[in-house]
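Worksheet for the structure shown next.
The values are calculated or read from the model by the stated rules, or taken from the named source; none is laboratory data. Predicted, not measured: the structure shown is a model, and the values here were computed from it. Glycine gets a Cβ as well: all are built from the backbone with ideal geometry, and neighbour counts include every protein chain shown.
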Amino acid sequence: MWNRKELKRKAKEVLRTSYWKAFLVSIILAFVGGGGSPPTFNFGSSGFSGTSGSSGADVDWGILAPFLAIAIIVIIVIFLFALAFRIFLCFPLEVGSMRYFKQASEHEADLNQLGYAFNKHRYLDIVKSMLWRAFLNFLWFLLLIIPGIVKSYAYSMVPFILADNPNIGYRRAVALSKQMTRGHKFRIFVLDLSFLGWILLGMLVFFVGVLFVMPYINATKAELYLTLRQDALKDGLTTEEELRMNQTPVI
């Protein structure tokens, strides 16, 4: 059974020699993690408030209709662009970032790993698997918040699994992540909570300090994956061949 203090100790050891590389990757990871979220539009403050004696019946909807149609079209276009940006750029970069941290933990801190997913033999499989994971998360969050959070932890190893073998298959990546995190989800949640003090401290410096904590968090998550991967191999949940541990793919 893994110990969070040991994971953090190993992460610190990795960061001693490659902190600024990890910092750069973490900045990119933070961007792709939230950069593709569809924008929200609040119409509550821009509603029509009539003067004394006016009512909704005084509004000439015939004049406003073209402007409303244009506004709706613009919103749809922005939403679709943000969604495409998230799927086709952010998802591959997320996997590349996870591969960087995984490889850095294995003594290979190479920034070229960021482009790992954009190889033509990996790209579509990675996009498909990450999209499937996002779709499942979305469905669970539609059900209830708590089940959504639980399932997000169950699927949390998918980017790391794809960083090992991008062609493993979208269903298999999700299934293996669920197997690897079974019995560990609450402990992973506690691991996340253990960074809360650092995050709050970083927020005191105009939120900029949080950026400097992110490499520590990401490096620790990579250590967690490597530990869970080793347990999965020991328990026969996967094999070195399936995860391509004996291969060194060309970037």
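Numbers below:
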| item | result |
| --- | --- |
| Count of residues meeting criterion [hydroxyl-bearing (Ser, Thr, Tyr) and under 13 Å from the mean Cα position of the chain (by Cα)] in the range 84-128 | 1 |
| Candidates MET180, MET245, filtered to the one that is of a type outside the set (S, T, N, Q), touching a residue at least 40 places away in the same chain (Cβ under 8 Å) and assigned to a helix (DSSP H, G or I) | MET180 |
| Residue list for the range 82-110, filter: surrounded by fewer than 13 Cβ atoms within 10 Å (Cβ to Cβ) and among the hydrophobic types (A, V, I, L, M, F, W, C) | ALA84 |
| Single residue of ALA175, ALA222, ALA232 found to be over 30 Å from THR17 (Cα atoms) and at pLDDT 95 or above | ALA175 |
